[in-house]
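Below is one structure, written out as structure tokens, with a few remarks after it.
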Amino acid sequence: MLTGKTIVLGVCGGIAAYKSAALTSMLVKSGADVHVIMTQSAAKFVTPLTFQTLSRNRVYTDTFDEADPSVVSHIHLADRADLFVIAPATANMIAKMAWGLADDMLSTTLLATTAPILVAPAMNVHMYEHPAVQDNMRKLAERGVMFVEPGVGPLACGYVGRGRLAEPEQIMEEIRRLLFPDQPLAGRRVLVTAGGTIERIDPVRYITNDSSGKMGYAVAQAAREMGAEVTLVSANVSLPAPKGVELVKVVSAEDMYEAVIGRMERMDLIVKAAAVADYRPAVQEKQKIKKRDETLTLRLEKTKDILAEIGRRKTHQFVIGFAAETDHIAEYAMKKVRDKNCDLVAANDVSRKGAGFGSDENELLLFDAGGLAETIPLMSKLEAARRLLRFAAARMRPAGGSTGS
């Protein structure tokens, strides 16, 4: 499947380097031309000879070891790569990439390449969750670097948590996706809503919810990967916008209503993943409410139902709603399908540990007019978004046709 493709594989120092040997073997068996660059630390765990034997190519460890006088090795490799993969990627290498350091063969070649870069982190759970590491990863993601999330489980240091290098099969799947992109939404216009809206009580207080916006942002990123022209209408989040996506920032439910309804006519697919406030204060005080009495009563009024209005107005659009529930999931999801005129409703149990608001993973139950149509098991929100959109794309009407839902 990878015949004719050149993969440069960077291997950093960590016990997970042994998995990179298996990855190299898989890549070669798939027909790829694999060139391995190892850090000095990586060579403490697995010998360069192992990768040389598996790749059938010279292994690079030293920027100044120029065996071929006709080329400058790090520039030659950087130019040849169809894809640059770093597995395992240590916190140190991620920091070098984020800050543009080039003090060894791998970091120097990374600075010189214009190929897509795929990073598979592996480290102790506390290192992975450290704000500095997370900030460095965010910087890289904003520049278009792609990541394969580490797995959760026992780590070599004795901890149990997120930090295990993704399995070689998972990295292979991501490599295939990047080199041969699946673009079922090419030429489509997609609108995604994300985040929790804010409804002001007074200048310093407001009503909101626990939505992080991660699922909506994952849907927007996945739709862009699949070739769509994506508009992301985002409420209150602290996430970088996916590359290549038009970002429309809003605050309140009313703001989101105006942004969505004003754009929906030109859209082919609408995914309403935002957690919009159902109620807002009937009166927004212009001055801060002072603490006086033992109790304070707020009178709330309903906000506009954006999804219902989309369902009422839709002509050709394929509409996906989200249902974040804590009980009777199927019942409430089916009610939303009927009442809001959705083509699909993606329901999830937000009370489940690891799959609720703010988590990096999700599991979805997809309902249509006929009932449960598909189950997406617990996985990263980005991969769940890809699965959701592939399912929807297969049901969307072809150009000039009718919907398949």
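The values are calculated or read from the model by the stated rules, or taken from the named source; none is laboratory data. Not measured: the values here are computed from a predicted model. Ideal geometry is used to build each Cβ from the backbone, glycine not excepted, and the neighbour counts take in all protein chains shown.
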message = Whether any residue in the stretch 279-288 is surrounded by fewer than 16 Cβ atoms within 10 Å (Cβ to Cβ), closer than 30 Å to Glu174 by Cβ, among the hydrophobic types (A, V, I, L, M, F, W, C) and free of Cβ contacts under 8 Å to residues at least 24 places away in the same chain is what I want to check.
response = no
The number of residues in the stretch 268-291 that are assigned to a loop (DSSP other than H, G, I, E, B) and either under 21 Å from Val251 (Cβ atoms) or more than 38 Å from the chain's Cα centre (by Cα) (or both) is 15
Scanning the stretch 324-341 for residues that are outside any strand (DSSP E or B), within 20 Å of Asn362 (Cβ to Cβ) and touching an Asp or Glu at 6+ places or on another chain (Cβ under 8 Å) gives Thr326, Ile329, Tyr332, Ala333, Val337
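Only one residue in Ser30, Ser70, Ser55, Ser41 is more than 21 Å from Met146 (Cα to Cα), in contact with a His (Cβ under 8 Å, 6 or more places away or on another chain) and either among the hydroxyl-bearing types (Ser, Thr, Tyr) or at pLDDT 95 or above (or both), so which one is that?
On the way: Ser30 fails: in contact with a His (Cβ under 8 Å, 6 or more places away or on another chain); Ser70 fails: in contact with a His (Cβ under 8 Å, 6 or more places away or on another chain); Ser41 fails: in contact with a His (Cβ under 8 Å, 6 or more places away or on another chain).
Among Ser30, Ser70, Ser55, Ser41, only Ser55 is more than 21 Å from Met146 (Cα to Cα), in contact with a His (Cβ under 8 Å, 6 or more places away or on another chain) and either among the hydroxyl-bearing types (Ser, Thr, Tyr) or at pLDDT 95 or above (or both).
Please state which one of Leu110, Leu118, Leu101, Leu191 is more than 30 Å from Ala392 (Cβ to Cβ), surrounded by 17 or more Cβ atoms within 10 Å (Cβ to Cβ) and either at pLDDT below 95 or touching a helix residue (DSSP H, G or I) at 6+ places or on another chain (Cβ under 8 Å) (or both).
Working: Leu118 fails: more than 30 Å from Ala392 (Cβ to Cβ); Leu101 fails: surrounded by 17 or more Cβ atoms within 10 Å (Cβ to Cβ); Leu191 fails: more than 30 Å from Ala392 (Cβ to Cβ).
Only one candidate qualifies: Leu110.
Do any helices (runs of 4 or more DSSP H) entirely within the stretch 74-186 hold 2 or more residues that are in contact (Cβ under 8 Å) with a residue 40 or more places away in the chain and hydrophobic (A, V, I, L, M, F, W, C), and if so, which?
Answer list for the stretch 74-186: 91-99, 105-112, 131-142, 168-179.
Let's see how each residue does on (1) within 31 Å of the chain's Cα centre (by Cα); (2) closer than 19 Å to Thr6 by Cα; (3) assigned by TED's automatic domain parsing to the domain that holds Gly151:
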{"position": "Leu54", "(1), (2), (3)": "no, yes, yes"}
{"position": "Glu66", "(1), (2), (3)": "no, no, yes"}
{"position": "Ala78", "(1), (2), (3)": "yes, yes, yes"}
{"position": "Leu83", "(1), (2), (3)": "yes, yes, yes"}
Residue hits (the stretch 1-21; among the small types (Gly, Ala, Ser), over 17 Å from Met93 (Cβ atoms) and touching a Leu at 6+ places or on another chain (Cβ under 7 Å)) are Ala21
Within the bounds of the stretch 15-37, is there any residue that is assigned to a loop (DSSP other than H, G, I, E, B), touching a Cys at 6+ places or on another chain (Cβ under 8 Å), in contact (Cβ under 8 Å) with a residue 40 or more places away in the chain and among the hydroxyl-bearing types (Ser, Thr, Tyr)?
no
Screening Tyr257, Tyr332 for residues that are closer than 28 Å to Ala384 by Cβ, surrounded by 14 or more Cβ atoms within 10 Å (Cβ to Cβ) and either assigned by TED's automatic domain parsing to the domain that holds Arg143 or at pLDDT 95 or above (or both) leaves only Tyr257
Among the residues of the stretch 1-37, the number that are of a type outside the set (Gly, Ala, Ser), over 17 Å from Val59 (Cβ atoms) and in contact with a Ser or Thr (Cβ under 7 Å, 6 or more places away or on another chain) is 2
_Selection status of Thr90, among the β-branched types (Val, Ile, Thr) and closer than 16 Å to Arg164 by Cα_ = yes
Output for Cβ contacts, cut-off 9 Å, separation at least six or different chains, first residue assigned to a strand (DSSP E or B) in the stretch 292-321, second polar (S, T, N, Q), reads Phe318/Thr403; Phe318/Ser405; Val319/Asn341
Of Ile15, Ile75, Ile86, the only residue that is closer than 20 Å to Asp103 by Cα and out of contact with any strand residue (DSSP E or B) (no Cβ under 6 Å at 6 or more places or on another chain) is Ile75
| task | Look at Gly311 and say whether it is closer than 22 Å to Pro377 by Cβ and either of a type in the set (Lys, Arg) or buried (at least 18 other Cβ atoms within 10 Å of the Cβ) (or both). | result | no
*Does Val204 satisfy being out of contact with any strand residue (DSSP E or B) (no Cβ under 7 Å at 6 or more places or on another chain), over 18 Å from Ile320 (Cα atoms) and either assigned by TED's automatic domain parsing to the domain that holds Ile320 or not basic (Lys, Arg) (or both)?*
yes
Counted residues in the stretch 238-254 being under 22 Å from the mean Cα position of the chain (by Cα), surrounded by fewer than 19 Cβ atoms within 10 Å (Cβ to Cβ) and within 26 Å of Arg280 (Cα to Cα) come to 5
